[in-house]
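Enquirer: After the structure tokens below, expect a handful of questions from me.
The values are calculated or read from the model by the stated rules, or taken from the named source; none is laboratory data. Everything numeric in this text was worked out from a predicted model, so none of it was measured. Please note: Cβ atoms are built from the backbone with ideal geometry, for glycine as well, and neighbour counts cover all protein chains shown.
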Amino acid sequence: MAVARRTARDIRSDSRLDVLHAVLSAAEITRNELVQATGLSPATVATVVGELITAGILVETKMSVGLVGRPTATLGMNGAGGRVVGIDVAETYVRAVLFDTALNQLGFVEVERDEHFLTPELMVEAIGEALDMVLEQERVARDDVRGVGVSLPGLVHGSAGVSVLVPHWAWRTVDLDHLRERVALPLVIDNPLKAIATAELWLGRGRFCPNLVTVNLGTGVGAAIVLDGQIARGSTNSAGEWGHSLLALDGRECRCGRRGCVEAYVGAPGILRTLSEIAPDHPLVAMELQRDVIGAMARAIESPEPDDAVRETIARTAYYLGSALADLVAVVNPQAVTLTGWTAWALGAHMLPAVREHVAAQSPGQSADALELELSTVKGNSVATGVATIALERFLADAGLITTRIPIAL
Ligand SMILES: [Zn+2]
């Protein structure tokens with residue numbers, strides 16, 4: 001079997017990535033602290049920091065003078081190095097988020113989409129419009145944009161090229177070319193799970209856990225999987241579709257056409273179905289929008305007035321989620337599992353203790369003994385943040401500073 005040999009260039013690139021990840025997660029850090037955080041030698045840290053300062057990626061933010069010795073410089077990311085945009089494309093909205101090159105969020109716009117009109121032409125226009133709007137709103141010249149990242153659900157890399165496979169979207173490679181023309185800036189495109197995995201690697205638990213799963217809980221459900229510090233993509237970039245793995249044989253119908261998928265129980269519509277099974281006449285069952293119901297459930301559980309139906313729904317959802325996670329943990333054997341997505345933000349804290357118990361009780365052997373199960377620490381919309389991070393990674397790769405780990409050349 002051929003083993004990929006790491007070249008001197010790869011090692012230098014890895015050192016730069018280690019330093020960048022450490023600076024990003026610490027916000028401000030000294031060279032000595034970088035040596036501690038990365039395990040690199042002081043000489044390597046000094047060289048790499050020098051290169052990144054010369055390239056305008058890092059800056060010395062302040063000098064502090066101790067009682068003895070020379071003044072110590074504090075390092076940070078150079079936010080003045082330009083702008084990057086992350087765009088999260090969903091069925092019901094397109095959200096464009098503007099970041100500086102230190103990945104600080106500066107502003108965003110959200111364009112509502114009518115989910116019944118999803119032709120590629122209209123979606124390309126909505127993406128272009130959201131980009132134009134956020135640049136105008138934040139008064140950013142296009143010349144200052146270092147990269148744009150677009151997250152498209154269902155983006156896969158098949159033998160016929162890259163395409164978008166969402167049942168009623170049916171995008172082809174040619175439509176992605178139209179998107180490139182409309183954006184007319186350096187562009188990367190990836191799917192949401194890979195965006196979330198990147199955000200977790202650069203800004204979240206991934207810095208400390210080379211084997212990690214981040215579960216995205218929203219309308220749909222997926223797992224962003226990081227193995228040995230690398231994002232697991234699979235042969236067609238569709239690894240992580242855990243939402244359509246089996247939780248209950250001959251169980252609830254899923255929108256994918258199968259029965260008993262994880263998503264049919266822990267996706268937002270699945271949670272609402274559980275509530276309607278427990279209390280068909282509960283006032284929340286009649287609410288129209290998923291996001292409103294999940295938000296109302298969070299308020300109900302936090303309120304001093306007991307709402308037994310909501311409490312029971314959350315307990316059952318924790319049981320479903322813990323049971324499904326036990327399988328995932330058994331297969332992947334991660335050090336940590338983090339939860340993200342709008343359902344996780346609303347209900348995650350209320351479910352975590354019970355989910356931990358169910359995972360521990362159902363995982364085979366000792367696979368979950370040392371497992372850390374937490375909410376993700378990545379702030380804001382992790383899909384937009386992640387795909388902006390991929391755009392920044394591509395910019396750094398094009399500048400010759402790192403070897404990109406993005407296999408999709410889009
Ligand atoms: Zn399914």
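Enquirer: Only residues that are closer than 17 Å to Met77 by Cα, out of contact with any Leu (no Cβ under 9 Å at 6 or more places or on another chain) and of a type outside the set (Val, Ile, Thr): list them for segment 34-49, please.
Expert: Answer for segment 34-49, where residues must be closer than 17 Å to Met77 by Cα, out of contact with any Leu (no Cβ under 9 Å at 6 or more places or on another chain) and of a type outside the set (Val, Ile, Thr): Ala37, Ala46.
Enquirer: Starting from residues that are in contact (Cβ under 8 Å) with a residue 40 or more places away in the chain and of a type in the set (Gly, Ala, Ser), keep the ones in segment 118-143 and report whichever is surrounded by the fewest Cβ atoms within 10 Å (Cβ to Cβ). Talk me through it step by step, then tell me what you get.
Expert: So in segment 118-143, the residues in contact (Cβ under 8 Å) with a residue 40 or more places away in the chain come out as 118, 120-121, 123-125, 127-128, 130-131, 134-135, 138, 140, 142.
Now drop any that are not of a type in the set (Gly, Ala, Ser), which leaves 128, 130.
Working: Gly128: 19, Ala130: 25.
Checking each candidate, the answer is Gly128.
Enquirer: Return the residue satisfying two criteria in turn: it lies in segment 68-101 and is among the small types (Gly, Ala, Ser) and more than 16 Å from Thr54 (Cα to Cα), and of such residues it is modelled with the lowest pLDDT.
Expert: In the first step, residues of segment 68-101 are kept if they are among the small types (Gly, Ala, Ser); the result is 69, 73, 76, 79-82, 86, 90, 96.
Adding the requirement that they be more than 16 Å from Thr54 (Cα to Cα) leaves 69, 86, 90, 96.
Numbers: Gly69: 67, Gly86: 97, Ala90: 81, Ala96: 97.
Across segment 68-101, the extreme among qualifying residues is Gly69.
Enquirer: Just checking, how many residues over segment 106-133 are at pLDDT 95 or above and not in a helix (DSSP H, G or I)?
Expert: 4
Enquirer: Under 9 Å between Cβ atoms, at least 6 apart or on separate chains: pull out the pairs that start in segment 36-51 with a residue that is touching a residue at least 40 places away in the same chain (Cβ under 8 Å) and end on any residue that is part of a helix (DSSP H, G or I) and buried (at least 16 other Cβ atoms within 10 Å of the Cβ).
Expert: Glu51/Arg12; Glu51/Arg16
Enquirer: Report, by residue number, each residue of segment 24-59 that is under 20 Å from Leu392 (Cα atoms) and modelled with pLDDT of 90 or more.
Expert: Within segment 24-59, the first condition is being under 20 Å from Leu392 (Cα atoms), and the residues that meet it are 24-28, 48-59.
If the condition is that a residue be under 20 Å from Leu392 (Cα atoms) and modelled with pLDDT of 90 or more, then Val48, Val49, Gly50, Glu51, Leu52, Ile53, Thr54, Leu58, Val59 are the ones that fit.
Enquirer: Filter segment 264-297 for residues that are assigned to a loop (DSSP other than H, G, I, E, B) and either touching a residue at least 12 places away in the same chain (Cβ under 8 Å) or within 16 Å of the ligand (Cβ to nearest atom) (or both) and give the result.
Expert: First, the residues of segment 264-297 that are assigned to a loop (DSSP other than H, G, I, E, B): 267, 279-282, 287-289.
Hits for segment 264-297 are Gly267, Ala279, His282.
Enquirer: Another question, then. Exactly one condition in (1) touching a residue at least 60 places away in the same chain (Cβ under 8 Å); (2) over 18 Å from the mean Cα position of the chain (by Cα); (3) closer than 24 Å to Pro334 by Cα is not met by Ile196; state its number.
Expert: Here Ile196 meets the rest and fails (2).
Enquirer: (1) at pLDDT below 95; (2) buried (at least 23 other Cβ atoms within 10 Å of the Cβ): which one isn't true of Ala286, the others all being true?
Expert: Against the list (1) at pLDDT below 95; (2) buried (at least 23 other Cβ atoms within 10 Å of the Cβ), Ala286 comes up short only on (2).
Enquirer: So, one more: Mind checking whether some residue in segment 366-373 is in contact (Cβ under 8 Å) with a residue 12 or more places away in the chain and either in the same structural domain as Val188 (by TED's automatic domain parsing) or not in a loop (DSSP other than H, G, I, E, B) (or both)? Working first, answer last.
Expert: Initially, segment 366-373 is screened for residues in contact (Cβ under 8 Å) with a residue 12 or more places away in the chain, giving 367-368, 370-373.
Among the residues that remain, those that are also either in the same structural domain as Val188 (by TED's automatic domain parsing) or not in a loop (DSSP other than H, G, I, E, B) (or both) are: 372-373.
The answer is yes; a qualifying residue exists.
Enquirer: Within segment 230-263, restricting attention to residues that are closer than 24 Å to Trp202 by Cβ and assigned to a strand (DSSP E or B), which residue is farthest from the ligand (Cβ to nearest atom)?
Expert: Among them, the one singled out is Gln230.
Enquirer: Out of (1) over 25 Å from the mean Cα position of the chain (by Cα); (2) outside any helix (DSSP H, G or I); (3) surrounded by 22 or more Cβ atoms within 10 Å (Cβ to Cβ), what's the single condition that is false for Val337?
Expert: (1)
Enquirer: Across segment 202-222, what is the total count of residues that are surrounded by 24 or more Cβ atoms within 10 Å (Cβ to Cβ), at pLDDT below 90 and touching a Leu at 6+ places or on another chain (Cβ under 8 Å)?
Expert: First, pick out the residues of segment 202-222 that are surrounded by 24 or more Cβ atoms within 10 Å (Cβ to Cβ): 204, 206, 212-217, 221-222.
If we keep only those that are at pLDDT below 90 as well, we get 204, 206.
Checking which are touching a Leu at 6+ places or on another chain (Cβ under 8 Å) leaves us with 206.
The qualifying residues number 1.
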